[in-house]
Structures are given as structure tokens and as C-alpha cells.
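Q: What follows is a structure written as C-alpha cells; I'll ask about it next.
All of the numbers you see were taken from the coordinates with simple rules; none came from a lab. Computed from a predicted model, the values in this text were never measured in an experiment. In this analysis, Cβ positions are derived from the backbone assuming ideal geometry, glycine residues included, and neighbour counts consider all displayed protein chains.
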Amino acid sequence: MKTKKLRPFVMPVIYGIACAAIIMSLVLVDKTKNKSVMKEYNDYVYVNNSILTDNIPVSQEDIVIVKPYTSDKVEISKKFYDISSSDEEKENAIIYYNDTYIQNSGILYKSSEEFDVVAILDGTVIDVKKDEILGNVVEIKHSNNIISTYQGLSTVDVKKGELIKQGNCIGKSGSLNVGESLDNALLFEFIYNGKLVNPENYYDKKISEL
């Protein structure tokens, strides 16, 4: 019996079918791997979903410095002692305490009633202490080399190491006896780049403007 030979056009067809089968199997394997990889990616949790949303975060540089109080009844009792001020302004910024003249290193605020003392910026509480003269004192470190100090508080609502947001209540105004006896007062200091500066020159300014 004679063996029939395959016609010349049959071999390429068989070869093509075989190649197609191999390619299909590779595609199926690749899809299976992709599903596995996609499952891994789907298991990730993005911080605040920032990658998945169109929300644009507000830059820290755009934050405006606020005053350490919100009450409209607060007024200045003693201004910051600025050496470049007039003689009259410097005289009014002197605190006389215990037979000693002291240059006011901050702003002494007073009010006819107790008021909330608030954080001027986001920050970390780096110190909470009680001073014999100044009462309760809270010190907060902020970004851009800024430190704010709140002195004379009657009560304190924060603790050392606590992260706080701008506008959070730190405590209540208290009694101070620095040249004059005040019942609802706050002595506030603003330190920028390691130097005490006049807080009134920094309120309502953006961090980027410093």
C-alpha cells in the first residue's frame, strides 16, 4: 500500500494552526498574570484617596497666620517693645514689675471677659508648664521656624507632644500681674527664626510672605 504524501499547501496550514494555538495559550497565561497583578494593586489603600480624586490640597505656604483669640472684645494692654519705635511707643511697651523695668517681648492682651486662646497655625505642642509669675504657659512649634508662646492661661486644654490645628482652643485667658493686675489676659510671644518679633506684624500674612 502506497503512503499518500500531504499536498504542499497542507503543511503551512498545520504549521499556522500550531502557531496560533501557542499564541493563544501565551495570551491566556498573560491575562491570568495580569489579573493577579491587578488584584495586588487593587489591595492598596491610597492616603486620603489623593491619587484617585481631583482635589488639590492647599499648600502650607498659602495658610494665613491668625490671631491667638477670636473674641472681638480683646484689646491690647501693652504693645511689643520695638527698638525702632518712637520714645513714647517704647515707654508704653515697658512693663514695671517688682521694682524692675522690663521690655515687653510680646503683646499683652486683655478683655472685659474670659476668652478662648487659640493656635495661630498648625503645630506641635513642645512645652506646657506653670510659671510663678506668668501662670500656665503653652509653647507650640510650627513650620517655617515659627514658635508661638501663650502665657497667663487660667486653664490648659492641650498637652506636650500633641498635634493641633490652627484655631484649636489651647486654653482660657487668665490673671496676670505684670505692671498692672489683669483678670482676663494673655501675654503672647511670636518667635521667628529664633528671634522675638512683633506678632502684630505677622497676623493675616501668608507663610509664603514671611
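Q: How many angstrom lie between the Cα centre of the stretch 107-162 and the Cα centre of the stretch 183-198?
A: 10
Q: What does the net charge come to around Ile107 if you take all other residues with beta carbon closer than 9 Å to its beta carbon, with K and R at +1 and D and E at -1?
A: Details: positive: Lys78, Lys79; negative: Glu189, Glu200.
So the environment of Ile107 carries a net charge of 0.
Q: Can you work out ³J(HN,Hα) from phi for every residue in the stretch 142-155, in order, using Karplus 6.51 cos²θ - 1.76 cosθ + 1.60 and θ = phi - 60°, giving whole Hz and x for Gly and Pro?
A: Per residue, the Karplus-derived 3J(HN,Hα) values read 10, 6, 6, 6, 10, 10, 10, 10, 10, 10, x, 6, 7, 9 Hz.
Q: Just the number: Rg to Rh for the stretch 88-174, Cα atoms, Kirkwood Rh, two decimals. Before the final figure, lay out the partial values.
A: Values: Rg = 14.1 Å, Rh = 14.0 Å.
In the stretch 88-174, Rg relative to Rh is 1.00.
Q: Around Thr70, which amide H atoms from residues at least 5 apart in sequence, or from another chain, sit under 5 Å from its own amide H, with H modelled in the peptide plane?
A: Correct list: Asp116.
Q: Another question about this same structure. For a quick check of your reading of the filter: which trypsin sites (Lys or Arg not before Pro) in the stretch 111-210 sit in a DSSP loop and have no more than 12 other Cβ atoms within 10 Å?
A: Listed in order of number, the matching sites are Lys159, Lys160, Lys165, Lys205.
Q: Something else about it: Determine the gain in length on full extension of the stretch Ser112-Glu88; use 0.36 nm per residue of separation and subtract their C-alpha separation, reporting nm with one decimal. Could you put the intermediate results ahead of the total?
A: Details: separation 24, 0.36 × 24 = 8.64 nm, distance 2.59 nm.
Residue separation times 0.36 nm, minus the Cα-Cα distance, leaves 6.1 nm.
Q: Over 22 Å between Cα atoms, which of Lys129/Lys165; Lys165/Lys206; Lys90/Lys130; Lys79/Lys195; Lys90/Lys195; Lys160/Lys206 qualify?
A: Lys90/Lys130; Lys160/Lys206
Q: Once you have the Cα-Cα distance between Val66 and Lys195, take 0.36 nm times their residue separation minus that, and quote the gain in nm to one decimal.
A: Result: 44.5 nm gained on full extension.
Q: Can I ask one more? What does the extension gain come out to for Tyr101 and Glu180, with contour length at 0.36 nm per residue minus their alpha carbon separation? Present the calculation step by step, with values, prior to reporting the outcome.
A: Working: separation 79, 0.36 × 79 = 28.44 nm, distance 1.28 nm.
My answer for the length gained is 27.2 nm.
Q: Something else about it: Taking the Cα centre of the stretch 60-209 as origin and charging only Cβ (+1 Lys, Arg; -1 Asp, Glu), how large is the dipole, in debye to the nearest 20? Don't skip to the end; give the middle numbers.
A: On the way: 16 positive and 26 negative charges, 95 e Å.
For the stretch 60-209, the charge dipole is close to 460 debye.
Q: Which residues among the stretch 175-210 fall inside the zone where the amide N is under 13 Å from a point 7 Å beyond the Cα of Gln166, along Cα→Cβ?
A: Under 13 Å, as judged by backbone N against the label point of Gln166, lie 203-210 of the stretch 175-210.
Q: Using the charge dipole of the stretch 60-209 (Lys, Arg: +1 at Cβ; Asp, Glu: -1 at Cβ; taken about the Cα centre), state which of Val137, Ile76, Asn184 has its Cα farthest towards the positive end.
A: The one lying farthest along the dipole's positive direction is Val137.
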